[in-house]
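Notes for the one structure printed next.
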Amino acid sequence: MKCFVTGASGFIGSNLVHELLAQKHQVKALVRPGSDARALEGADVEVVTGDLADRSFLKRELNGCEWCFHCAADYRLWARDYKPMYLTNVEGTFNVIDAAGHYCQRIIYTSTVGCVGLPKKGKDGQVVPSTEADTVNDEDLTNDYKRSKWQAELIAAKFARQGLPVVIVNPSAPVGPRDVKPTPTGQVIVDFLNRKLPAFVDTGLNWVHVRDVAKGHILAAQKGKIGDRYILGNKDGNWTMEQTLKLLEEVTGIPAPKTKVPHWVAMAAAHVGESTAMFTRKPPKAPLAGVRMSKYKMWFDPGKAIRDLGLPQTPPKQAFTDAVQWFRENGFVKE
């Protein structure tokens with residue numbers, strides 16, 4: 001297949017590009033002007049540079065492509081101005097899917113588990129991981145990134161109802177190689193490696209190898225039901241932050257922090273950090289958006305994707321091992 005990939009230089013996008021090439025597909029990779037393209041090194045792809053706001057450009061470049069993977073997103077938990085985030089995540093999604101609808105047999109939209117309803121507690125007090133059937137509500141949309149991605153997912157779902165071949169995937173917390181930026185979750189690993197993580201909050205995430213997420217995109221194009229969404233996560237990846245840090249200690253030999261910070265303390269520090277950031281123009285160490293999300297254990301059940309798509313399940317320990325090795329080999333760790 002000839003595949004068009006937006007956000008091709010990003011974390012998920014670049015891993016998807018390499019996986020598509022490994023499976024002998026052709027790739028046209030869309031990157032923004034000035035993007036850091038290190039993650040595409042060694043990839044035999046046709047690179048095109050352009051903007052998601054340019055509809056004529058998108059139609060021209062998508063002509064002849066059979067699959068479209070829309071991975072591009074503005075993924076930040078803090079910004080001085082959030083308007084560009086909505087332009088990229090919402091209007092950009094409309095433009096890409098609208099253009100791809102003229103040519104493509106499958107359009108895969110990369111959403112996020114932030115657009116799935118938050119996990120609830122069962123009768124025994126244990127957290128019950130969410131599934132695709134759990135709907136998000138306004139209270140769950142605790143930051144502009146989540147709100148913009150939810151608006152974009154609604155657009156993708158509407159296009160599917162109108163007959164376009166759109167399938168939605170919702171990755172959980174991917175880890176692994178090629179996290180050039182790095183992402184907020186990758187930054188946790190980098191900070192751990194650089195011994196800049198003195199404490200943690202009581203939260204939880206569903207960790208998944210980014211390679212499995214990339215393969216999940218391709219499986220969604222091959223087997224996904226139009227209009228459906230699929231959580232791309234790991235059934236054994238629902239870990240507390242304390243469990244995560246202990247695993248990193250095992251993988252790296254670096255002692256894990258022992259101090260658990262109460263949520264109210266983290267919130268107070270985040271308010272101070274964001275106030276300071278408005279003057280310094282530097283992102284706060286702990287954005288309010290991240291601290292608000294940390295109040296919940298973001299645990300998810302990827303059973304549907306495993307059952308219907310055949311989503312691979314690389315052990316999360318391997319994902320962290322691969323991420324640590326990549327960060328060390330690519331200059332993210334200060335000796």
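None of the figures in this text is laboratory data; all of them are computed from the coordinates on show. Here the structure is a predicted model, which means the values were calculated and not measured. Cβ coordinates were reconstructed from backbone atoms using ideal geometry, including for glycine residues, and neighbour counts include every protein chain displayed.
Only lysines eight or more places from Lys59 in sequence, or on another chain, were considered; those with a Cα closer than 16 Å are Lys2, Lys28. Remark on the range 94-162: ratio of C-alpha radius of gyration to 2.2 N^0.38 Å is 1.36. The range 122-156 and the range 1-56 have Cα centres lying 28 Å from one another. According to the calculation over all Cα-Cα pairs in the range 29-85, the P(r) per 10 Å bin from zero is 16, 48, 30, 6 %.
Going through the range 1-74, which GluC sites (Glu not before Pro) have at most 13 other Cβ atoms within 10 Å and a DSSP loop state?
Passing both the DSSP loop test and the Cβ count: Glu41.
Taking only the Cα atoms of the chain, the ratio Rg/Rh comes out at 0.95, with Rh defined as the Kirkwood radius.
Please list, by residue number, every one of the trypsin sites (Lys or Arg not before Pro) in the range 11-73 that is coil in DSSP and has at most 14 other beta-carbon atoms within 10 Å.
Listed in order of number, the matching sites are Lys24.
Identify the residues of the range 2-32 with backbone N under 12 Å of a label point that sits 7 angstrom from the Cα of Lys59 along the Cα-to-Cβ direction, or state none. Within reach of a label on Lys59, which here means backbone N under 12 Å from a point 7 Å along Cα→Cβ, the range 2-32 contributes nothing. Within the same chain, aspartates and glutamates fewer than 8 places from Lys24 are excluded, and of the rest, those with a Cα less than 13 Å from its Cα are Asp44. Membrane-span-like helices in the chain, defined here as complete DSSP H runs extending at least 24 Å along the helix axis by their C-alpha atoms with mean Kyte-Doolittle hydropathy no lower than -1.0, are 144-161, 263-280; this is a sequence and geometry rule, not a statement about a membrane.
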